[in-house]
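What follows is a single structure, written as structure tokens, with notes after it.
The values are calculated or read from the model by the stated rules, or taken from the named source; none is laboratory data. The structure presented is a predicted model; accordingly, all values stated were derived computationally and were not measured. Neighbour counts run over all protein chains shown; Cβ positions are idealised from the backbone, glycine included. Just the protein is used for accessible areas: all its heavy atoms, side chains included, with ligands, DNA and RNA removed. Shrake-Rupley method; radii C 1.70, N 1.55, O 1.52, S 1.80 Å.
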Amino acid sequence: RASAIRYMKTGIGKIKSITGLEEASEINGVYRVSMQKNIGDMAEEICDSIDRVGYVIAQGESIEEALSICEKALKNIAVRVE
């Protein structure tokens, strides 16, 4: 089996809402959906790992499948910033 991780990309600003986490975590092959920042926190330019808003880890039969699962999960998550 193979594993992959993908970080969430957002705009810069104050996080106003986060939706789709439950839907993303229910996708077959998703191992973990984790938020590093929460509503009210600032999403800033990513300079190091502490700046990341969140991530998805997935497992599949190949790297390509694990990456595809990560991308599918990320499409379900919406982080609105202002």
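Observations on the model:
- Prolate/oblate/rounded label for the range 1-55 (Cα gyration tensor, a/c 1.5): oblate
- Under-13-angstrom lysine pairs by C-alpha in the chain, whenever the two are 8 or more apart or on separate chains: 4
- The heavy atoms of Glu64 present about 130 square angstrom of accessible area, all protein chains included, probe 1.4 Å.
- Relative contact order of the chain, defined on C-alpha pairs under 8 angstrom at six or more residues apart (%): 49
- Rounded to the nearest 20 debye, dipole of the chain from Cβ charges on Lys, Arg, Asp, Glu: 120
- Computed from label points 7 Å out along Cα-Cβ, the spacing between Asn38 and Glu26 is 2.4 nm.
- Acute angle (nearest 10 degrees) that the helix 63-76 long axis makes with the longest principal axis of the chain, alpha-carbon atoms: 40
- Full-extension gain in nm, Ala78 to Ile5, via 0.36 nm per residue minus C-alpha separation: 24.5 nm
- Of the residues Val30, Gly60, Cys47, the one whose Cα sits farthest towards the positive end of the charge dipole of the range 1-69 is Cys47 (charges of +1 on Lys and Arg Cβ, -1 on Asp and Glu Cβ, taken about the Cα centre).
- Value at 222 nm in deg cm²/dmol, rounded to 500, when DSSP H runs of n ≥ 4 in the chain each add -39,500 (n - 2.57): -6500 deg cm²/dmol
- Theoretical FRET efficiency, 1/(1+(r/R0)^6), r = Cβ-Cβ of Ile12 and Ser68, R0 25 Å, to 0.05: 0.35
- Neighbourhood net charge (12 Å Cβ-Cβ; Lys/Arg +1, Asp/Glu -1) for Ala78: +3
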